[in-house]
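Engineer: Here you go, one structure.
A short reminder: the numbers here are calculations on the coordinates, not readings from a lab. Small disclaimer: the values here were computed from a predicted structure and weren't measured. Here the Cβ positions follow ideal geometry from the backbone for every residue, glycine too, while neighbour counts run over all protein chains shown.
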Amino acid sequence: MLLVAAMVIAAAIFIADTVTQLEIAVAVLYVAVILIVVRVIERKGVLAVAFACVGLTILSYFLSREDFSRSTGFVNCIISIAAILVSTYLALQNRSALTALHESQTELAHANRVTTMGELTAAIVHEVNQPVAGVVANAEAAMRWLEAQPPEMAEAKQALEGIVEDGKRTSEIVNRIRALARKAPPRREALDINELIVEVVALMQTQLQRADVSLHTEFGSEIPPIHGDRIQMQQVILNLILNAVEAMATVDGHRHLRMGTKAIAPGNVRVEVSDLGVGLAAGSLDRLFEAFYTTKSSGMGMGLSICRTIVEAHGGRIWASPNDGPGATFQFVLPQYVKSS
Ligand SMILES: Nc1ncnc2c1ncn2[C@@H]1O[C@H](COP(=O)(O)OP(=O)(O)OP(=O)(O)O)[C@@H](O)[C@H]1O
Ligand SMILES: [Mg+2]
């Protein structure tokens, strides 16, 4: 779409530059074409378009120079070419800086995911170990049923079905972990946020049990899909749950984690993670989301900063607030998925 617009504009400029006798450098407007194409095509393509624009400017100069003073036309031609070349250079510079920024953000998010996975390793090993133990137990049972005289086929079949179930569960767990640890460029798609929360909670089930945290979810009905990267969104939820669990590690009594989703006008989805932990340190509200801000001896202080980067890159907003009672609540809002034409 943008490319077609750029071509139409270029054609219009060429005609205006060739047939009109304006004493101004009409060809300077080719800069607009460059600024449009730099958003949609690769570096080489942008350079090709820039040289094409320079070529058209020179062509116009030769086609129209009889019409008005030669020197004005020549000066205009030089000004236009300079403007096209300088803006191409600046636009490409700007774009490579942005690309580098995105790449380093992706790297950082990946590093955070891998360290987080490290923290979860014990729990994950436990989670994988359960179905594997189930496979062994079911296989032994199946063998016993088959060795019986006469063989108990129905029972043996049931034990084998148990093996298949456990096998599937193991590979599901492993796939979820692999997806999270993978280093993939962000990819936007329509996501069901409730489903994402269920997936992350499944991954953390053992961790929650060990930390003696009970979880209560309140999924709003008719939550529209959001537009986002599945792994990054899981990372945000994972970081918020981990923080909540860590905040409750030292409190006696109720360790209760509440998660909720809600559709809010206009076309937004709100996610809430609320704990009964130590609460936010006085005066920390402004600093929570800063990189390297941590009050934990083994913390990196990257979790919330990465959450904010991800949420804002998705056009959303994230914030924290102290609870009326004990603990803290973290919330983020994301715009819903809008199907592009
Ligand atoms: N649920 C919470 N309750 C109370 N304080 C919190 C909560 N979540 C975060 N904080 C505070 O914000 C700080 C920053 O959190 P953040 O997740 O960015 O880093 P971290 O948890 O310290 O380290 P990591 O990089 O491993 O996540 C924490 O050290 C803690 O002081
Ligand atoms: Mg954290």
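Engineer: Find the Cα radius of gyration of region 2-112, compare it with 2.2 N^0.38 Å by division, and give the number to two decimals.
Structural biologist: Scaled against compact globular proteins, the figure is 1.31.
Engineer: When only DSSP loop residues count, what trypsin sites (Lys or Arg not before Pro) in region 173-239 have their Cβ near at most 14 other Cβ atoms within 10 Å?
Structural biologist: ARG182, LYS183, ARG187, ARG188
Engineer: Follow-up question, since we're still on this one. For the chain, what does the alpha-carbon gyration tensor say about shape, rounded, prolate or oblate, given a ≥ b ≥ c as the root eigenvalues, a/c under 1.5 as rounded, and a/b over b/c as prolate?
Structural biologist: Since a/c reaches 1.5 and a/b is larger than b/c, the shape of the chain is classed as prolate.
Engineer: Using 0.36 nm per residue, how much length does the chain from ALA184 to SER171 gain when fully extended, once their Cα-Cα distance is taken away?
Structural biologist: 2.7 nm
Engineer: In the chain, if the dipole is taken from +1 on Lys/Arg beta carbons and -1 on Asp/Glu beta carbons about the Cα centre, which of PRO266, GLN331, GLY277 is farthest to the positive end?
Structural biologist: Of the candidates, PRO266 comes out farthest on the positive side.
Engineer: Given Cβ point charges of +1 (Lys, Arg) and -1 (Asp, Glu) and nothing else, what value in debye, to the nearest 20, does the dipole of region 2-112 about its Cα centre take?
Structural biologist: 100 debye
Engineer: Right, here's the next one. Over region 1-122, calculate the relative contact order: mean separation of alpha carbon pairs under 8 Å at least 6 apart, over the residue count, as a percent.
Structural biologist: For region 1-122, the relative contact order is 30 percent.
Engineer: Taking the Cα atoms only, what angle lies between the long axis of helix 153-181 and the longest principal axis of the chain, rounded to 10 degrees?
Structural biologist: 40 degrees
Engineer: Treating cross-link reach as a plain straight distance, find the lysines whose alpha-carbon is under 28 Å from the alpha-carbon of LYS296, omitting any fewer than eight places away in the same chain.
Structural biologist: Leaving aside lysines fewer than 8 places away in the same chain, those within reach of LYS296 are LYS183.
Engineer: Against the longest principal axis of the chain, how steep is helix 303-313, in degrees 0 to 90 to the nearest 10, with axes from Cα atoms?
Structural biologist: 40 degrees
Engineer: Follow-up. Need one word for region 120-181: rounded, prolate or oblate. Basis is the Cα gyration tensor (sqrt eigenvalues a ≥ b ≥ c); a/c below 1.5 gives rounded, then a/b vs b/c decides.
Structural biologist: prolate
Engineer: Select from region 261-318 those trypsin sites (Lys or Arg not before Pro) which occupy a DSSP coil region and have at most 16 other Cβ atoms within 10 Å, ordered by residue number.
Structural biologist: Of the trypsin sites (Lys or Arg not before Pro), the ones in loops of region 261-318 whose Cβ has at most 16 other Cβ atoms within 10 Å are ARG287, LYS296.
Engineer: With everything on Cα atoms, drop me the angle between helix 70-147 and the longest principal axis of the chain, reported from 0 to 90° to the nearest 10.
Structural biologist: Roughly 10 degrees between the two axes.
Engineer: Under the rule a/c < 1.5 gives rounded, and otherwise a/b versus b/c splits prolate from oblate, where does region 218-316 land using the Cα gyration tensor?
Structural biologist: oblate
Engineer: How high is the relative contact order of the chain? Use alpha-carbon pairs under 8 Å, at least six apart in sequence, and give a whole percent.
Structural biologist: With pairs under 8 Å counted, the relative contact order is 12 percent.
Engineer: Under 10 Å, Cα contacts only: if you run a Gaussian network model on the chain, which one of PRO322, PRO224, PRO150 comes out with the highest mean-square fluctuation?
Structural biologist: PRO150
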